[in-house]
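K.L.:
There's a structure below that I have some questions on.
Any read-out appearing in this document is the output of simple, stated calculations on the displayed coordinates, not a laboratory observation. Just so we're clear, the structure is a prediction, and the values are computed from it rather than from any experiment. All Cβ positions, even for glycine, are placed from backbone atoms using ideal geometry, and neighbour counts span all protein chains on display.
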Amino acid sequence: MKVLQIIDSLDAGGAERMAVQLANELAAAGHDSYLCATRREGLLKPSIHKNVTYLFAAKKGKIGLGAVWRIRTFVRTHKITVLHAHSTSFFTATLVKLLIPSIKIVWHDHYGNAEELNTRSAGLLIAASRFFNGAIAVNELLKIWSKQNLHVLEVHNFRNFVSKDNATNKQLKKALPGQKGKRIVHLANLRAQKDHFTLLKAFKKVHTSFPDWALLLVGHDFKDAYAQQLRSWVRNHQLSEHVYFLGSRSDVSAILEQSSLGVLSSTSEGLPVALLEYGMAALPVIVTDVGACSEVVQNYGLVVPAGNVDLFAVALTNMLGAMPQAKEQGLAFKHHVSTTFGAQAYIGNLVAFYKHIS
């Protein structure tokens, strides 16, 4: 059994992190492991394990026939038996299967708007699912959706995991703003579903009581209207010396190690890898009750309703006002994440799934 992970890019998003981690962990477990970025490389490329055979397919246009042919050649050369396609890369994987009918496809659903599945545009996905041999969902809502909508019998809920040896660089690329011991980190790309505004408004409410604390926003800036509105809001509320936009970073592990509290303010999630990374960094956490967040956090952090500025501010006040105890909670959260969402059991179950569909 030889498995090729397929992902559209190597940007530092949750689905991308999972694709790289899966390739790395399969290689570490002694399996033949392969990884393909179809359209774009990115910050995660240096984190690919030396024993993972890598292909950049350089896909152009919507169909990308040249990339499909390059992947087809790669598959035949390495005698790959399973294509593990993440998110929208299912389309490319399906085209490869049309050229090599014997190959198996596992589709991995990382869809972040799990609370809004009724509005999901999925016509092409549903049609392509006739060629899938199995599907993986990161939470129960996505599993139910796949069972109800896709033409695939084998659908399993595999919760995301985090590697102990985190893939991102552990050395800071440059000095962080804010004071040591007084940094709040929000690890999320600048997308509307991450609801930075609820977090910013809550932070402003508590800022007068905790004026020395800084908020670090780590994630890709798409230079769109949403990002511009965020920056304008920060400026207009005189928070520019307390809220910092760090962009997409390759030194996420080091940033988390230099932070004291991890937060997520999303209106919708699957199972955020960022939350697991907070756990491995022993950060106390405040998250919104979406996707699998409450399932992960349990009683090891604070969970508040999505979009509720006042309750998020109360949670921030409680956490920042009891930081010594919060640090102990962070250590307990790390133990919980490392034992419950570790790589070993996940890889064992995944390999069994591959064998089952093969």
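K.L.:
Using a 7 Å offset from the Cα along the Cα-to-Cβ direction at both Lys180 and Glu154, what is the distance between the two label points in nm, to one decimal?
P.N.:
5.1
K.L.:
Place a +1 charge on the Cβ of each Lys and Arg in region 227-358 and a -1 charge on the Cβ of each Asp and Glu, then give the dipole magnitude about the Cα centre in debye, rounded to the nearest 20.
P.N.:
200
K.L.:
So who's got an amide H within less than 5 Å of the one on Ser266, skipping anything under 5 residues away but keeping other chains? H placed 1.01 Å off N, in plane.
P.N.:
Amide H neighbours of Ser266, under 5 Å, 5+ apart: Thr288.
K.L.:
How do the peptides 136-145, 112-121 rank, highest first, by the average count of neighbouring beta carbon atoms within 10 Å per residue?
P.N.:
Peptide ranking by packing, descending: 136-145, 112-121.
K.L.:
Gain in length, Glu295 to Ala122, computed as 0.36 nm per residue apart minus the alpha-carbon separation, to one decimal in nm?
P.N.:
Taking Glu295 through Ala122 to full extension adds about 59.6 nm, to one decimal.
K.L.:
Let me ask something else about it. Pop out the ³J(HN,Hα) list for region 12-26 in order, Karplus 6.51 cos²θ - 1.76 cosθ + 1.60 with θ = phi - 60°, rounded to Hz; leave Gly and Pro as x.
P.N.:
Running phi through 6.51 cos²θ - 1.76 cosθ + 1.60 with θ = phi - 60° gives 8, x, x, 5, 5, 4, 5, 4, 5, 4, 4, 4, 5, 5, 5 Hz.
K.L.:
Percent of Cα-Cα pairs per 10 Å bin, from 0 to the last occupied bin, for region 76-116, please list those.
P.N.:
All Cα pairs, binned at 10 Å, distribute as 28, 46, 18, 8, 0 percent.
K.L.:
Rounded to two decimal places and with Rh computed the Kirkwood way over Cα pairs, what is Rg over Rh for region 183-340?
P.N.:
When Rh is taken as the Kirkwood radius, the ratio is 0.93.
K.L.:
At a threshold of 8 angstrom on Cα-Cα distance, excluding pairs fewer than six apart, so keeping six or more, what relative contact order does region 183-340 reach in percent?
P.N.:
RCO, region 183-340: 26 percent.
K.L.:
Explain nothing, just the number: relative contact order of region 155-275, from Cα pairs under 8 Å at least 6 residues apart, as a whole percent.
P.N.:
Normalised by residue count, the contact order of region 155-275 is 43 percent.
K.L.:
Same structure again: Using modelled backbone amide H atoms (1.01 Å from N, in-plane), which distant-in-sequence or interchain residues come within less than 5 Å of Asp8's amide H?
P.N.:
Thr38, Ser89
K.L.:
Could you give the dipole magnitude of the chain about its Cα centre, charging the beta-carbon of Lys and Arg +1 and that of Asp and Glu -1, in debye to the nearest 20?
P.N.:
With only Lys, Arg, Asp and Glu charged at Cβ, the dipole is about 1160 debye.
K.L.:
Amide H neighbours of Leu215 under 5 Å, counting only residues 5+ apart in sequence or on other chains, H built in-plane at 1.01 Å?
P.N.:
Those lying under 5 Å, H to H, from Leu215 are Ile184, Val243, Tyr244.
K.L.:
Give me P(r) over region 1-160, computed from all C-alpha to C-alpha distances, binned every 5 Å, as integer percentages.
P.N.:
Pairs per bin, as whole percents: 2, 9, 20, 23, 22, 16, 7, 2, 0.
K.L.:
What order do you get for 15-24, 244-253 when each peptide is scored by the mean count of other beta carbon atoms within 10 Å, highest first?
P.N.:
The packing order, highest mean first, is 15-24, 244-253.
K.L.:
Next question, about the same structure. Evaluate the charge dipole of region 215-263 about its Cα centre and quote only its size in Debye, nearest 20, assuming +1 on the Cβ of each Lys and Arg and -1 on the Cβ of each Asp and Glu.
P.N.:
160
K.L.:
Give the calculated FRET efficiency between Trp69 and Ser102 to the nearest 0.05, with a Förster radius of 25 Å applied to their Cβ-Cβ distance.
P.N.:
Calculated transfer efficiency: 0.90.
K.L.:
Below 8 Å, C-alpha to C-alpha, sequence gap of six or more: please give me the relative contact order for the chain in percent.
P.N.:
Answer for the chain is 16 percent.
K.L.:
Given bins 10 angstrom wide, list per bin the percent of all Cα-Cα distances in the chain, short to long.
P.N.:
5, 25, 33, 23, 11, 3, 0
K.L.:
Another question, if that's okay. Calculate the length of the line joining the C-alpha centroid of region 184-204 to that of region 259-294, in whole Å.
P.N.:
12
K.L.:
Lys/Arg Cβ at +1, Asp/Glu Cβ at -1, dipole of the chain taken about the Cα centre: which of Leu256, His108, Leu43 is farthest positive-ward?
P.N.:
Of the candidates, Leu43 comes out farthest on the positive side.
K.L.:
Continuing with the same structure: May I ask you to evaluate 6.51 cos²θ - 1.76 cosθ + 1.60, the Karplus curve with θ = phi - 60°, for each residue of region 191-205 and list the ³J(HN,Hα) values in order in whole Hz, giving x for glycine and proline?
P.N.:
Karplus-based 3J(HN,Hα) across region 191-205 equals 10, 4, 5, 7, 6, 4, 5, 4, 5, 4, 5, 5, 4, 4, 4 Hz.
K.L.:
Another question, then. In sequence order, what are the phi-derived ³J(HN,Hα) couplings for region 268-276 according to the Karplus relation 6.51 cos²θ - 1.76 cosθ + 1.60 with θ = phi - 60°, rounded to whole Hz, with x for glycine and proline?
P.N.:
Values per residue, Gly and Pro as x: 7, 8, x, 10, x, 4, 4, 5, 5 Hz.
K.L.:
In addition: Please give, to one decimal in nm, the separation of the simple spin-label points placed at Ala29 and Gln171, each 7 Å out from Cα toward the Cβ.
P.N.:
Those two pseudo-labels are separated by 3.1 nm.
K.L.:
Students often check this: by mean Cβ neighbours within 10 Å, which of 232-240, 179-187, 269-277, 86-94 ranks highest, and how do the rest follow?
P.N.:
Final packing ranking: 269-277, 86-94, 179-187, 232-240.
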